[in-house]
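The next block holds one structure in the form of structure tokens; read it before the comments.
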Number of protein chains: 2
Amino acid sequence: MTTHIPLGEGREFAAIRALLEIWGPRARGIGDDAAVLEVPPGERLVVSTDTSVDGVHFRRDWLTPAEIGWRATMAALSDLAAMGAAPLGIVLAITCPPEAREHLLAYAYGVGEALRVTDTVIVGGDLSGGATLSFGVTVFGSAVRPVGRAGAQPGDGIWVSGTLGGPAAALAAWERGEAPHQSHRERFAGPVARLALGRAVAAAGATAAIDISDGLLADAGHVARASGVELRIALEDIPVIEGGQPREAVVSGEEYELLFTAPASFDPAPAAAAGGVTVTRIGTVAVGAPPGGCTAHRKPVVKTGGDDHI
Amino acid sequence: MTTHIPLGEGREFAAIRALLEIWGPRARGIGDDAAVLEVPPGERLVVSTDTSVDGVHFRRDWLTPAEIGWRATMAALSDLAAMGAAPLGIVLAITCPPEAREHLLAYAYGVGEALRVTDTVIVGGDLSGGATLSFGVTVFGSAVRPVGRAGAQPGDGIWVSGTLGGPAAALAAWERGEAPHQSHRERFAGPVARLALGRAVAAAGATAAIDISDGLLADAGHVARASGVELRIALEDIPVIEGGQPREAVVSGEEYELLFTAPASFDPAPAAAAGGVTVTRIGTVAVGAPPGGCTAHRKPVVKTGGDDHI
């Protein structure tokens, strides 16, 4: 159903109407004070919010407008993937300065493509002027058993999806004033939230999961600290992009791959098939002192990486 | 319960820890990729997002930092009030430029006070740098029967809460370079989401409701258009602030009072008592041509007012 409340006059409503045309059946019931959603019986509501700010999370000379919209949406949906939740919908707050107005529909197109690929919908939003282009994406999902960061158990295997290092390589190239390699650029510009994988590993008994937004080592540290364990990661087992270095890959942020822990009996093949992505074992959870340490090559790794946006 | 996931190192986490100290029991379970909430059985999930941007929705020389945080939170919660929903929680995305960092805890204090007064909690958020101070507040609530804009029926009474005109008078004073009257300033700086009133009128059979963010006439137009009816409003019956003019009051935005329609049998006294605010009948819903027109003094009113932020 794609019934929208008839909207009023004015510039904001005209812009919203144009957005709704772009989104078509991917927008549902927009125009009331709030959207009404159903959480499937027996499931719990999972919510997260994520902001993409021009000059902080992206630069407009690095990405196309559609890529900016796609990436903001996928980054937010990635948090649902990490919880093993199925998306119910998103709300989107766009702050659009005058000089970016001409790209509004292209940003929206990118948002809509991300919704289409993840089979979810936009149920509400807020459109505002302002000096800085910004996308606030809040995502809603549901899960019978959401997977947090705090459940990793000694003896569990540590797993990661995909190959790491692309976003850091793309950023490094841009910062040198060069065009990044196309495959690195694509990893930064076109991430895909690992929603199917997240649900599959949750169903298969994953004990903890996180999406790699700060860099593998930093995010592994979050799991270790939350779970009160040590994550012993073998640097040489990290799946790295072609030509990349493990030491760079483990501090590459905004990967939007999943890092998860699962009992030793975990079979990666069905989850990898469901998620359409490789999953690689990179270490073992241990009783650690201090809790939260990560090791590589059996030596402690200093967590100098990870993104810190403020 | 106020269990938080242990947080990691870094400047962002240090800031989040300081925010959590400010919020105390008003923050719950923060630190995972997403928050997990329960929607009461038999109720529907209601969600809305609202952005407050420096220079657009407020000015930092007009409001204290705590007022900025309070107002951003109440403006978002007001959409739940309009739906007749009880709040389950909020997520908050703060974009904070370097020169505003010193006020971060004061913004958060204002958010926390708004949460305390409305008896709700913050369950997640996002803290980012950026050139423009901005607060993205997404609210979650639940209701057995959410009240939208589309249900107004011919013959229904039209009601409004509180007294109107204060925010417009405050803005006019600021724009003349004068200090606003304290009572007008308070209406702009310290709105209170009419959550209890919204639930009471929903339970009493309200057919449509909206919060007055664009100005009474503009918002009445939204209800009229969504419901396919005419809202005949008697300008002389509008409850106006002391010394104010009805023609100014009906185009005063960001009032965060409720406009609602209810069958002729509606008794305002119990709802007003539950909401702790006056409710005043200002007109009658009619079969209208064209649908969506509003009248005052039996003459059509041209909607020249209403806020249009983009």
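The values are calculated or read from the model by the stated rules, or taken from the named source; none is laboratory data. Treat the numbers as computed from the prediction; the structure is a model and nothing was measured. So basically every Cβ, Gly included, is an ideal-geometry build from the backbone, and we count neighbours across all protein chains shown. Surface areas here come from the heavy atoms of the whole protein model, side chains and all, with no ligands, DNA or RNA. Shrake-Rupley method; radii C 1.70, N 1.55, O 1.52, S 1.80 Å.
Listing for the model above:
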{"item": "Prolate/oblate/rounded call for region B:1-119, Cα gyration tensor, a/c under 1.5 rounded", "result": "oblate"}
{"item": "Protein accessible area in the protein assembly as shown, 1.4 Å probe - carbon and sulfur %", "result": "53"}
{"item": "For chain A, accessible area per residue (1.4 Å probe, heavy atoms of protein chains only), Å²", "result": "37"}
{"item": "Solvent-accessible area buried by B and A, counting both chains, probe 1.4 angstrom, square angstrom", "result": "5100"}
{"item": "Separation in nanometres of the label points that stand 7 Å from Cα toward Cβ, at B:E99 and B:R60", "result": "0.6"}
{"item": "Helical contribution to [θ] at 222 nm, DSSP H n ≥ 4, -39,500 (n - 2.57), averaged over the protein assembly as shown, rounded to 500", "result": "-9500 deg cm²/dmol"}
{"item": "Residues B:A264 and B:V287, FRET efficiency given R0 of 22 Å [Cβ-Cβ distance, rounded to 0.05]", "result": "0.90"}
{"item": "Three-way shape call for the protein assembly as shown based on the alpha-carbon gyration tensor, with the a/c threshold at 1.5", "result": "prolate"}
{"item": "Label-point gap, in nm, between A:D237 and A:A179 - each point 7 angstrom along Cα→Cβ", "result": "3.9"}
{"item": "Simple spin-label estimate for A:Q153 and B:R116 in nanometres, 7 Å along Cα-Cβ", "result": "4.2"}
{"item": "Exercise: per-residue mean of other protein chain Cβ atoms within 10 Å, B:176-183", "result": "0"}
{"item": "Rounded, prolate or oblate (a/c below 1.5 giving rounded, otherwise prolate when a/b exceeds b/c) for region A:52-137 by Cα gyration tensor", "result": "prolate"}
{"item": "Relative packing of peptides B:72-80, A:38-46, A:152-160 - highest average C-beta neighbours within 10 Å first", "result": "B:72-80, A:152-160, A:38-46"}
{"item": "Solvent-accessible area lost in complex, 30 Å² minimum, residues of region B:128-157 relative to chain alone, 1.4 Å", "result": "B:S128, B:G129, B:T132, B:T138, B:F140, B:R149"}
